[in-house]
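What follows is a short report on a single structure.
None of the figures in this text is laboratory data; all of them are computed from the coordinates on show. Here the structure is a predicted model, which means the values were calculated and not measured. Cβ sites come from the backbone with ideal geometry, for glycine too, and all protein chains shown count toward neighbours.
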Amino acid sequence: MNLGLEGKRAIVTGGSRGIGRCCAHALAREGTRVCIVARTQSELNQVLEEIDEMGGEGFAVAVDLTSQKSCQQVVHETVETFGGVDILVNNVGAAKNADILELSAKCIDDALRLKSYSYLRMAQLVIPYMKESQWGRIINIAGGAGTSPSRRNIPTGAANVTILNMTRALSDAVSIDGILVNTICPGLTNTVRARTQQNARAVFENRDVEELLWELERELPAGRMAEPEEIANVVAFLASETCSYMFGSSIYMDGGARRGTP
């Protein structure tokens, strides 16, 4: 299937690892020019090498997206390099897993600023360029904690539920301009970040991490965790010309874990 992404211009935040890295790969394979954003230049360089090896085009910006100046820098450099922005994949943020009394004020503030603030600010900055071409795609990655509260993951849950609301509201505001906004809510996914979180949980519960992961996977109807490439494939679809009548939606890619309706 031709997704119609050849020559499109994308920003992928959190693009150095896990889901973000795979999103950058998936878009580059389709001929999209990609700006990848993360904090660590060495990790970004590795992803750029991978994109180059597959014949893609990209560049990187190493910044911390908790600041307005950094968000502005990313969009400015993308417009300077590519001449505009067609696709934004918001994919950053993970707070420390801890009980509420163990969380510092900085940890809470960073979690909310990195995720909910940067998602909204990045969208606000790219929308004018998308309006110019009457075409755009904004895809937010928001974990399942937004609808499945966890007492050891409160800041991330608060940020994620904000993103779900923002997705619907932004979609109402800009879909008339050809800008489609959607969110993907991954469940347990095979990434370094997820492994780190489960290691921390295993320590807290004084148990073996492999046993914990086995139990978590067994509880899923899919019987396994997701691979980040599977999430990225849906991101590429949502970014494409083929996806023309889906917006304001939250798509749960959790192996059937979510229960209830809607």
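Given the options Thr196, Ile179, Met246, identify the residue whose Cα lies farthest towards the positive end of the charge dipole of the stretch 172-262 (+1 on Cβ of Lys, Arg; -1 on Cβ of Asp, Glu). Towards the positive end, the residue furthest out is Thr196.
Which whole-number value in Å³ per residue fits the convex hull of the alpha carbons of the stretch 170-222?
Details: hull volume 6.9 nm³, N = 53.
Roughly 130 Å³ of hull volume per residue.
Computed about its Cα centre, the charge dipole of the chain is approximately 760 debye, with only Lys, Arg, Asp and Glu carrying charge at their Cβ. Taking the Kirkwood radius as the inverse of the mean 1/r across Cα pairs, report the Rg/Rh of the stretch 190-262. Reported Rg/Rh (Cα atoms, Kirkwood Rh): 1.08. Taking the Cα centre of each part, how many Å lie between the stretch 119-190 and the stretch 1-39? Spelled out, the Cα-based centre of one part sits 17 Å from the other.
Counting only pairs 8 or more places apart or on different chains, how many lysine pairs in the chain have C-alpha atoms closer than 20 Å?
On the way: Lys8/Lys131; Lys69/Lys106; Lys69/Lys115; Lys96/Lys106; Lys96/Lys115; Lys106/Lys115.
Value for the chain: 6.
By the count of neighbouring beta-carbon atoms within 10 Å, fewest first, Cys71, Cys23 end up ordered Cys71, Cys23.
Can you list which of the trypsin sites (Lys or Arg not before Pro) found in the stretch 123-193 are DSSP loop residues with at most 12 other C-beta atoms within 10 Å?
Sparse-neighbourhood loop trypsin sites (Lys or Arg not before Pro): Arg151.
Extension gain for the segment Asn199 to Gln124, taken as residue separation times 0.36 nm less the Cα-Cα distance, is 23.4 nm to one decimal. Qualifying GluC sites (Glu not before Pro) in the stretch 171-262, where qualification requires a DSSP coil assignment and no more than 15 other C-beta atoms within 10 Å, comprise Glu205, Glu241.
Helix-derived [θ] at 222 nm for the chain: sum -39500 (n - 2.57) over DSSP H runs of at least 4, divide by residue count, nearest 500? Mind dumping the intermediate values first?
Values: 9 runs with 120 residues, N = 262.
When only DSSP H runs of four or more count, the value is -14500 deg cm²/dmol.
Mind checking the stretch 1-110 for GluC sites (Glu not before Pro) that DSSP puts in a loop (not H, G, I, E or B) and that have at most 15 other Cβ atoms within 10 Å? List each step's numbers first, then the result.
Working: sites: Glu6, Glu30, Glu43, Glu49, Glu50, Glu53, Glu57, Glu77, Glu80, Glu102; in loops: Glu6, Glu30, Glu57.
Hits after loop and neighbour filter: Glu6.
Just rank Val203, Val126, Val34, Val92, fewest to most, by other beta-carbon atoms within 10 angstrom.
Working: Val203 10, Val126 25, Val34 28, Val92 22.
Ascending number of Cβ neighbours within 10 Å: Val203, Val92, Val126, Val34.
Sorted from greatest to least, the principal axis extents spanned by the alpha carbons of the stretch 125-262 come out as 55, 30, 27 Å. For the stretch 59-200, the Cβ-based charge dipole about the Cα centre amounts to some 440 debye (Lys, Arg positive; Asp, Glu negative; other atoms uncharged). Short-range pairs are left out: with C-alpha atoms under 8 Å and at least six residues apart, the relative contact order of the chain is 20 percent.
Placing dummy labels 7 Å off each Cα toward the beta-carbon, the span from Ser104 to Glu80 is 3.3 nm.
Starting from the Kirkwood radius over alpha-carbon pairs of the chain, derive D by Stokes-Einstein at 25 °C in a medium of 0.890 mPa s and give it in µm² s⁻¹. Don't jump to the answer; show the numbers that get you there.
Numbers: Rh = 18.6 Å.
So the translational diffusion coefficient is about 132 µm²/s.
Could you give the length gained on full extension between Ser150 and Ala169, defined as 0.36 nm per residue of separation minus the Cα-Cα distance, in nm? That works out to 4.3 nm of additional length.
Computed from the Cα positions only, the extents of the stretch 104-189 along the three principal axes stand at 43, 25, 21 Å, in decreasing order.
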